[in-house]
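Notes follow the structure.
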Amino acid sequence: MKHRAKQHVYLLGASGRLGNVLLEAWSHHPEIESIIPLGRKEIDFTNPSVAQKKFSSYELHENDLVINCVALTDVDYCERESLEATTINATTPALLAEVCAKRRARFLQVSTDYVFDGTLDQLYRETDEPAPLNQYGSSKLAGEKGVMASSPDHLIARISWVFGPGCPSLVDQIIQEAMTSKEVSSAADRIASPSFTRDLVEWFKFFLNPSLEGGIYHLCNTGVCSWHEYGTYVLKRAAHYGLPVLTTEITPVNLYSMKQFVTRRPLRTPLDTSKFCERSGLPLRPWQEAVEEYLLKYKL
């Protein structure tokens with residue numbers, strides 16, 4: 001089997017929600033020679049040509065892994081600033097992936113369930129046709145295509161509903177709201193699967209395998225839920241552990257009745273992770289267990 005004992009990992013977006021956790025978890029990985037965190041100061045995704053030139057100055061070797069955690073994820077902002085969204089989410093990643101391809105390094109692009117329109121009444125597989133509803137989804141899909149165009153050995157990891165330490169997520173927002181008000185509402189028709197960053201960075205270790213087939217992989221915790229079900233579970237467990245929430249009840253509403261969401265979003269985007277499980281042999285734990293760990297380790 002094609003293998004290299006030690007690899008260098010270049011981490012783009014090391015200060016973000018996922019990148020920060022990945023940097024911490026992989027800093028002492030026995031198969032990694034070194035992990036090189038690259039922030040905006042080193043690689044500015046808003047300037048594609050400069051980013052490519054700067055990235056080319058690094059000594060990438062065969063089988064090194066470059067993980068791109070950089071993304072413009074504010075859906076409403078992406079809708080207003082579509083050029084910026086395309087630049088950060090598609091143009092620059094594609095150019096950096098070209099550099100990797102020339103040096104036989106692998107590029108892992110972190111993508112999203114928003115590449116789908118949410119009309120499929122079953123779990124989305126990697127082979128299902130994307131049909132994004134908004135500029136965020138369109139820019140991320142363009143990023144996927146641009147990365148894979150430079151090499152079939154590159155990798156795409158589609159994730160959804162990311163939560164974890166470092167940056168606020170729906171889990172934190174729901175708890176914070178319930179600490180100050182007895183009136184909490186959430187969408188009962190927005191359905192997918194949460195992804196705990198501490199789990200994602202463990203699963204990402206599988207991508208270090210240089211013999212792994214390139215392409216798209218869906219990754220999230222197992223189980224499907226609505227925002228309403230997700231939030232209700234969070235509040236009930238938060239109350240169980242003594243967090244001072246004023247309620248554990250959430251009013252179910254429709255997504256499009258929530259005024260804070262201006263741009264159209266897909267309603268149902270649960271991801272089928274069977275491809276990753278079959279190839280890796282790794283079990284993906286239920287989202288409820290992941291929420292439990294997050295509350296115990298980071299919220300109490």
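The values are calculated or read from the model by the stated rules, or taken from the named source; none is laboratory data. Since we're looking at a predicted model, the values are computed, not measured. A quick note on method: Cβ atoms are made from the backbone with ideal geometry, for glycine too, and the neighbour counts reach across all protein chains shown.
Within region 105-129, the residues that satisfy the criterion of being more than 17 Å from the chain's Cα centre (by Cα) and modelled with pLDDT of 95 or more are Ala105, Arg106, Asp117, Gly118, Thr119, Leu120, Gln122, Leu123, Thr127, Asp128, Glu129. Please give the helices (runs of 4 or more DSSP H) falling wholly within region 162-280 in which 3 or more residues are over 24 Å from the mean Cα position of the chain (by Cα). Result: 170-180, 227-240.
Summed over region 123-133, residues that are over 18 Å from Thr73 (Cβ atoms) and either touching a strand residue (DSSP E or B) at 6+ places or on another chain (Cβ under 6 Å) or in contact (Cβ under 8 Å) with a residue 60 or more places away in the chain (or both) total 4. Kindly indicate whether any position in region 143-153 is crowded, with 24+ Cβ neighbours inside 10 Å and either under 17 Å from the mean Cα position of the chain (by Cα) or not in a helix (DSSP H, G or I) (or both). Within region 143-153, one or more residues are crowded, with 24+ Cβ neighbours inside 10 Å and either under 17 Å from the mean Cα position of the chain (by Cα) or not in a helix (DSSP H, G or I) (or both).
Taking the criterion of being touching a helix residue (DSSP H, G or I) at 6+ places or on another chain (Cβ under 6 Å) and either assigned to a loop (DSSP other than H, G, I, E, B) or crowded, with 19+ Cβ neighbours inside 10 Å (or both), the residues of region 32-45 that qualify are Ile35, Ile43, Asp44, Phe45. Considering region 47-70, the residues that are closer than 15 Å to Gly16 by Cβ and part of a loop (DSSP other than H, G, I, E, B) include one that is farthest from the chain's Cα centre (by Cα), namely Val70. Going by the structure shown, is Tyr136 in a helix (DSSP H, G or I), touching a Lys or Arg at 6+ places or on another chain (Cβ under 7 Å), within 16 Å of Val75 (Cβ to Cβ) and at pLDDT 95 or above? Criteria not met by Tyr136.
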